[in-house]
Amino acid sequence: MAVTDYLRRRFMPHIWCPGCGHGIVLNSLLRAIEKLELEKNDIVMISGIGCSARIQGYVDFHTMHTLHGRALAFATGIKMAWPLLKVIVPMGDGDALAIGGNHFIHAARRNIDVTAIIMNNSIYGMTGGQHSPLTPCGDQATTAPYGTVDSPFDVVRLASAAGASFIARTTTYHAREMTRLLAAAIEHRGFSVVEVLSQCPTYYGRKNDAGDAVAMMEGFRDGTVRIDRKTAETSDGDPGRLDGEAAGTPIGLFRREERPEYCEAYRRRVVEPAMAAGRGESETP
Amino acid sequence: MTPTGTVTPTGTGTLHFLQGNEVCAEAAVYAGMRFYAGYPITPSTEIAERLAWRLPQVGGTCIQMEDEIGSLCSVIGASLTGLKGMTATSGPGYSLMQEAVGYAIMAEVPLVIVDVQRGGPSTGLPTHASQGDVMQVRWGTHGDHAIVCLSASTHQDLFEIMIRAFNVSETFRTPVVVLIDEIVGHMREPVRIPDAGEFELTERLLTSVPRDVDYHPYFPREDGRLPMSHFGGEHRYNVTGLYHDMWGFPSDDPRVTNDLIHHLMNKLENRKRDLTFTKEWYTDDAEIMLISYGASARSARHIMEDRRAVGMRMGLIELQTLWPFPGELVRERCRQANYVVVVEMNMGQIVHEVKTAVDRPERVFLANRVDGEMITPVDIKHLVRVIQGKGI
Amino acid sequence: MERRIEVNRNWCKGCRICVAFCPKNVLELDRKGTVVAARPGDCIWCGDCEIRCPDLAITIVREAAS
């Protein structure tokens, strides 16, 4: 199947601004799904609110556009009710880590088999350029006219501490790698997190003199260092802290480990014993 | 169309001595509920505790979420895939759920929310009795909407009301709130759990549109019902909280938005008769008509029987449907009454609906109590004496 | 194998990402700001334009020669 066959073509061209990195995430995601030869009917995509959340409208899967920050909670219900579905949750940085931060860490803690894609453009785009929990300290935004004072989260470290069993970071410049990582994340059984550094030339770029989309992607190319496998293993537990940190933002696969997946654990450790024991005569637990 | 189960009082089943909260849980399981998500909050927690033990026995799923917001969101997700879903909470948790309540209304997702009321506002009186959430249930979420809210005062009624709640939610694809209070929730009394089949259960209306044929998830039939296709199943469609067209895709076309809001309101407001459940005592000759619901109705019933014994013509309407408010029925029954006394444990919420409904609103009085204690039959008796000019 | 660069002119928003990252300088924007394969003969079919296009407007069509 061609990549564009996964699109709801009648809604194209999409609403994103020229050069918006979110389109590249859509592009890579569809390539990952094509590579995995998944059926459209097997995939559920659940999004929240924001520019990133709009991705769900363009893909020809089961799609759900939910509440700001809550996509992972909706996804938890869907996945537990129907564990065979592939559940993909694309989120923006504000969506995932400000209003949705609690759901994010708890989904990671449970290790539920959901793929969380954090499309990190360091800004709230849909509302016009406010700073997010991933805006670097000191950067400009419409709600930070003197520069932000807040420190940003490091998604990799946060996901690591919360217990996600698959953690990766990539950028829109590294589209080929993004496709590979997304495919691996979707295949992974457990909570997988892929942070994609994505450019918002319209708001973040303009506010911070970062140039156009091309310049911002060159920034991703020049401002990142790929961790090798060995580094990822030795830095486990604090995967974001690398020797080469000063040289740039580390990208690559930080963690991929086998841990009991939530739905399966619930079935094996709760439902099966409970059903086997039956209701019995007891009226109380 | 029968939105509610009908009772066949065969008298079989098993007798139990349960808390109201446990009754909610057992009734939900009986109704076919197989997905529960919740967050601990007094005085509703026993519902989650019972279901954590009970649901897996029948192959269901019970999950403790990180908060009430996540609880309702995950129930919406599970319900869309085809499971009957439920959550339970108390006032503060229900406040947190309001955004998702609106989503469930807009996306037409059947589910049941049990609100075991405590005193408010804010954290209020967690372990005390109150009925202060009546208006929160009606208007808690933003924007115009219709909502169904049921209540009960005894455990046997509660069992049936829970089943009706699921039946209504499945029939109309809408969230239904079962509003009880700390007293009903925590009190223990005997309850007969009927045998399977005694209550008629409404199952989800599924589409007959075959795979690969254009399916319109949001195109209502003439009777207002929407045949569903399990989300994640053979028909791919979109679900959104935005105004949407018949495929579920966002639309701001004025015709589409106008039709949708009218559909969402009318599917419930136009079917009040099917949604109205009441219990009535002496409404044919009552000069003093009590109107009450939940635990308050227990005291109202007590004083009504007590006064009847001394020859006073007192009657009682116990509202089991609070929303949509059965205004016509109330007006009809109260026509010959000299006084109408609304008994509730709040500063006056349903009393305003009653005043709007009846012919002589100046004859409507409020018997209330808001100190966290249950309103007693004596409290009501005192008010009635004051109304009658007899002093306390 | 026959290969060609296909541009969906209705979807292209002229962001210039493909132009900038093309290793062989095959692409450019036309007067309307839409990308065109100005020097298709230089193309090495690496696909960098295709995978980085945010508008999914570029496809490298690969067809077996008839």
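The values are calculated or read from the model by the stated rules, or taken from the named source; none is laboratory data. Treat the numbers as computed from the prediction; the structure is a model and nothing was measured. In this analysis, Cβ positions are derived from the backbone assuming ideal geometry, glycine residues included, and neighbour counts consider all displayed protein chains. Quick note on the areas: whole protein, heavy atoms, side chains included, nothing else; ligands and nucleic acids left out. Shrake-Rupley method; radii C 1.70, N 1.55, O 1.52, S 1.80 Å.
Sum -39500 (n - 2.57) across every DSSP H segment of at least 4 residues in chain A, then divide by the residue count to get the 222 nm mean residue ellipticity, nearest 500.
It lands at -9000 deg cm²/dmol.
Under the definition of partner shielding as Cβ atoms of other protein chains within 10 Å of a residue Cβ, what is the mean value for peptide C:11-22? Mind dumping the intermediate values first?
Details: counts 7, 2, 8, 2, 11, 5, 14, 1, 1, 6, 6, 0.
Mean partner-chain Cβ count within 10 Å for C:11-22: 5.
Quickly rank B:39-46, B:80-87 as a protection proxy: mean count of other C-beta atoms within 10 Å, highest first.
Result, highest mean Cβ count within 10 Å first: B:80-87, B:39-46.
Which order, highest average first, do A:169-182, A:188-201 follow once you tally other Cβ atoms within 10 Å for each residue and take the mean per peptide? Mind showing how you got there, number by number?
Details: A:169-182: 24.4, A:188-201: 26.5.
Sorting A:169-182, A:188-201 by mean packing, highest first, produces A:188-201, A:169-182.
Rounded to the nearest 500, what is chain B's calculated 222 nm mean residue ellipticity when only DSSP H runs of at least 4 contribute -39500 (n - 2.57) each, over all residues?
So the calculated ellipticity at 222 nm is -11000 deg cm²/dmol.
Just tell me how shielded A:14-24 is by partners: mean number of partner chain Cβ atoms within 10 Å of each residue's Cβ, no decimals.
Per residue, the number of nearby Cβ atoms from other chains is 5 on average.
Helix B:91-106: angle to the longest alpha-carbon principal axis of chain B, degrees 0 to 90, nearest 10?
50 degrees
List the residues whose amide H sits under 5 Å from the amide H of A:Arg255, counting only those 5 or more places along or on another chain, with H placed 1.01 Å from N in the peptide plane.
Under 5 Å from the amide H of A:Arg255: A:Ile167.
Taking Cα pairs under 8 Å and at least six residues apart, what relative contact order does the stretch A:19-75 come out at, in percent? Mind showing how you got there, number by number?
Details: 59 pairs, mean separation 17.5, N = 57.
It rounds to 31 percent for the stretch A:19-75.
Can you tell me the FRET efficiency between B:Val310 and B:Asp253 if r is taken as the Cβ-Cβ distance and R0 is 56 Å, rounded to the nearest 0.05?
E between B:Val310 and B:Asp253, to the nearest 0.05, is 0.30.
Find which of B:Phe365, B:Met312, B:Ala165 sits farthest along the positive direction of the dipole of chain B, computed with +1 on the beta-carbon of Lys and Arg, -1 on that of Asp and Glu, about the Cα centre.
B:Met312
Just list whichever of B:Lys84/B:Lys381; A:Lys40/B:Lys84; B:Lys84/B:Lys267; A:Lys79/B:Lys279; A:Lys35/B:Lys84; A:Lys86/A:Lys207 have alpha carbons separated by over 32 Å in the model shown.
Flagged as over cut-off: B:Lys84/B:Lys381; A:Lys79/B:Lys279; A:Lys35/B:Lys84; A:Lys86/A:Lys207.
Over what distance in Å are the Cα centres of the stretch B:215-232 and the stretch C:8-66 separated?
Result: 43 Å between the Cα centres.
Which whole number gives the average count of other chain Cβ atoms within 10 Å of the Cβ atoms across peptide C:54-63?
Values: counts 18, 11, 14, 5, 1, 3, 0, 1, 0, 0.
What the average comes to for C:54-63 is 5.
Roughly how tilted is helix B:377-387, in degrees to the nearest 10 and between 0 and 90, from the longest Cα axis of chain B?
Roughly 70 degrees, rounded to the nearest 10.
Could you work out the relative contact order of chain A? I mean the mean sequence separation of Cα pairs under 8 Å and 6+ apart, divided by the number of residues, in percent.
Details: 590 pairs, mean separation 49.7, N = 285.
That works out to 17 percent.
Keeping every protein chain in place, order B:Phe365, B:Phe172 by accessible area at 1.4 Å, biggest value first, i.e. largest first. Intermediate values should be presented prior to the final figure.
Values: B:Phe365 65, B:Phe172 10 Å².
The ordering from most to least exposed comes out as B:Phe365, B:Phe172.
Post the alpha-carbon centroid distance, the stretch B:82-153 to the stretch A:254-277, in whole angstrom.
32 Å
With charges set only on the Cβ (+1 for Lys and Arg, -1 for Asp and Glu), what does the dipole of the protein assembly as shown come to about its Cα centre, in debye to the nearest 20? Kindly include the intermediate steps, with their values, before the conclusion.
Details: 78 positive and 90 negative charges, 144 e Å.
For this selection, approximately 700 debye.
Mind listing the lone cysteines of chain C, meaning no other Cys beta-carbon sits under 4.7 Å from theirs?
Taking the Cβ cut-off of 4.7 Å, the unpaired cysteines of chain C are C:Cys12, C:Cys15, C:Cys22, C:Cys43, C:Cys46, C:Cys53.
Taking only C-alpha pairs under 8 Å that are 6+ residues apart, what is the relative contact order of chain B in percent?
Relative contact order here is 17 percent.
Only Lys, Arg, Asp and Glu count, each charged at its Cβ (+1, +1, -1, -1), so figure out the dipole size of the stretch C:1-63 about its Cα centre, rounded to 20 debye.
200 debye
In sequence order, what are the phi-derived ³J(HN,Hα) couplings for the stretch B:268-276 according to the Karplus relation 6.51 cos²θ - 1.76 cosθ + 1.60 with θ = phi - 60°, rounded to whole Hz, with x for glycine and proline?
With coefficients 6.51, -1.76 and 1.60, one gets 9, 5, 7, 10, 3, 4, 6, 9, 8 Hz.
Of the peptides B:18-26, B:183-191, how do they stack up when ordered by the mean number of other Cβ atoms within 10 Å, highest first?
Highest to lowest by the protection proxy: B:18-26, B:183-191.
Would you kindly derive the ³J(HN,Hα) couplings of the stretch B:173-178 from the backbone phi angles with the Karplus curve 6.51 cos²θ - 1.76 cosθ + 1.60 (θ = phi - 60°), listing them in order in whole Hz, with x for Gly and Pro?
Calculated HN-Hα couplings, in order: 6, 8, x, 10, 9, 9 Hz.
Over what distance in Å are the Cα centres of the stretch A:25-46 and the stretch A:139-203 separated?
19 Å
In terms of modelled amide H atoms, which long-range or inter-chain residues lie less than 5 Å from the amide H of A:His62?
Amide H to amide H, under 5 Å and 5 or more residues apart or across chains, A:His62 pairs with A:Ile43, A:Met45.
Whole-Hz ³J(HN,Hα) for each residue in the stretch A:3-13, computed from phi via Karplus 6.51 cos²θ - 1.76 cosθ + 1.60 with θ = phi - 60°, x for glycine and proline: what do you get?
Using θ = phi - 60°, the values come out as 4, 6, 5, 7, 8, 7, 4, 5, 9, 8, x Hz.
Under the rule of at least 5 residues apart or a separate chain, name every residue whose amide H is placed under 5 Å from the amide H of C:Gly14.
Here the answer is C:Val35, since their amide H atoms fall under 5 Å of that of C:Gly14.
How far is helix A:213-222 tilted, in degrees, relative to the longest principal axis of the Cα atoms in chain A, given as a value from 0 to 90 rounded to the nearest 10?
With rounding to tens, the tilt is 70 degrees.
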